Amino acid sequence: MADEGVDETGTGAGGHRRALRGLAWLLAGVLLLGGAAFGWVWFRLDGNLRSIDIDAALGTDRPEDIDNGSMDILVLGSDSREGANRRYGSSGQSGARSDTAMVVHVHEGHEKATVVSIPRDTLVERPACQRDDGKGTAPPAARAMFNESYKIGGPACAVATVEAMSGIRMDHYLEVDFTGFKRLVDELGGVEITTRVPLRDRESRLDLPAGTHTLDGEQSLGLVRTRHAVGNGSDLGRIQLQQAFVRALTDQVGEVGLFSDPGKLYDLADTATRAVTTDSALAGVNELLGFARNLRNIESRDMTMITLPVEYDSADPNRVLPLEHKTRMVWDALRQDLPVPRSATDSPAADEAREDTSGVVGHGTRRE
C-alpha cells in the first residue's frame, strides 16, 4: 500500500505511520479509563494479542542487527481464507498469503521514516523455510512469488524472505487479516472517500459509483483488494488505490476524537488488539505502548514512501522482477539509515501504474 515513488510532502505516507503506531496509541488512551476497572481492562486487552516468536523460528542465520538507532518493521496484510475470512477468494482456495507487505524503516532519532512496499507478485529467491504445517523444511526456490513465502512458512518465512532480499534484519513484525481490517474500519465509523470514476470488481465485491462515499469495512476491504477496477489488473495499480485509501483513513482517525470518548476508545482498542498478530517482543500492551512512544514524534510530513523498483517479467507478464541495481540502492540506503535516492524509484512499471490510477480516488470532499 504505497505510492510509486518518493512522497516529498508526506501527505499520503502518514497513513502507514498511523497503521503502525495508531494501533498502539489507541491503547495508550485506555489509561484514561482509570479507576478500579483499569486492571481488568489492561488484562483483557493484553489477552487479545496473538504473537509469533520470530527469533526462535529463524535462529542466528540472519542479517547483523546494526545498532545505529534505526528500527525496521515488516508489516503484512494477510489474505487468509480461514475462519471468518473463508467467504473471500475463489472456491477451493485455501491457506494464506501476504496480500500487502511493507518494510517500515524508522530512522535514527525516530523522527522520520521510510516505507518500502513490496508487490505480492514479485519473483524472488526464497530461502529454505520451516513449513507452517509442520511437514519439514521447504527447500530454497528461485523465481518464487513473494507472497507464497507466507503460505509456505507463515510469518517466519515471510520475515526470512524479506531479510534475504534486503540484507536488513527486521526488528519487529505486525500483521492484520481481512476480518480484523473490516472491524477496525467499522469501529471507526467508516472512511470517507471520493471515487471520480465508477469502480466495480466482482472478485473483490466492489461496486462504487462515482461520487463521495463513507465506506464501511466491507466496502473498504473491496477497495484495497481490487485488482480489476482500474488499470491492467496488476498489483502495482492496487498499491496505488491502497495508498489513496490510507490517506483517507489517516484523516478519519484524526477526526474521531477518541481521547474525549473513553467508551469509544476502549471499543477500538479492543478491536485493534484482536486484529493484529505481532512478534513476541510486542506481545503485550506494555510492549506496544513502548513501541508507540518510540514513534510518537513522526508526523505524516516526516514520511517517505516508495514501492520496490520492479519491471514486468518477460516470461510472465503477471509477475514482476526487482530491478537489481535500483533495488540495491533502496536497501543500501536503509541499511545505512540514509534517504532513498529518487533515481532508485523510477521504472516503466511504476509510471504505468501511476498513469492508470491517477485521480481515481480522493479524500472525500477534500481537495488534494
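The values are calculated or read from the model by the stated rules, or taken from the named source; none is laboratory data. Computed from a predicted structure; not experimentally measured. Heads up, the Cβs are rebuilt from the backbone with ideal geometry, glycines too, and the neighbour counts pull from every protein chain shown. Keep in mind that these areas ignore ligands, DNA and RNA; they rest on the heavy atoms of the full protein, side chains included. Shrake-Rupley method; radii C 1.70, N 1.55, O 1.52, S 1.80 Å.
Hey, could you check the stretch 32-43 for residues that are modelled with pLDDT of 50 or more and open to solvent by less than 80 Å² (accessible area, probe 1.4 Å) and say which is farthest from the chain's Cα centre (by Cα)? If we take residues in the stretch 32-43 being modelled with pLDDT of 50 or more and open to solvent by less than 80 Å² (accessible area, probe 1.4 Å), then 39 is farthest from the chain's Cα centre (by Cα). Of the strands (runs of 3 or more DSSP E) lying entirely inside the stretch 264-315, those containing at least 1 residues that are touching a strand residue (DSSP E or B) at 6+ places or on another chain (Cβ under 7 Å) and over 17 Å from residue 105 (Cβ atoms) span 276-279, 310-313. Within the stretch 177-232, the set of residues being within 20 Å of the chain's Cα centre (by Cα), under 23 Å from residue 118 (Cα atoms) and not aliphatic (A, V, I, L, M) comprises 177, 178, 179, 180, 181, 182, 204, 220, 222, 225, 226, 227.
Residues that are hydrophobic (A, V, I, L, M, F, W, C), open to solvent by 10 Å² or more (accessible area, probe 1.4 Å), assigned to a helix (DSSP H, G or I) and modelled with pLDDT of 85 or more are absent from the stretch 237-251. Filtering the stretch 319-354 to residues that are surrounded by fewer than 17 Cβ atoms within 10 Å (Cβ to Cβ) and in a strand (DSSP E or B) leaves nothing. Here residue 254 does not fit the description of being within 20 Å of residue 122 (Cβ to Cβ) and either modelled with pLDDT under 80 or open to solvent by 30 Å² or more (accessible area, probe 1.4 Å) (or both). Restricting 156, 164 to residues that are buried (at least 20 other Cβ atoms within 10 Å of the Cβ) and out of contact with any strand residue (DSSP E or B) (no Cβ under 6 Å at 6 or more places or on another chain) narrows the list to 156. Residues in the stretch 120-163 that are more than 19 Å from the chain's Cα centre (by Cα) and within 21 Å of residue 281 (Cβ to Cβ): 129, 130, 132. Annotation: of all residues in the stretch 301-318 being surrounded by 20 or more Cβ atoms within 10 Å (Cβ to Cβ) and not hydrophobic (A, V, I, L, M, F, W, C), the one that is modelled with the lowest pLDDT is 304.
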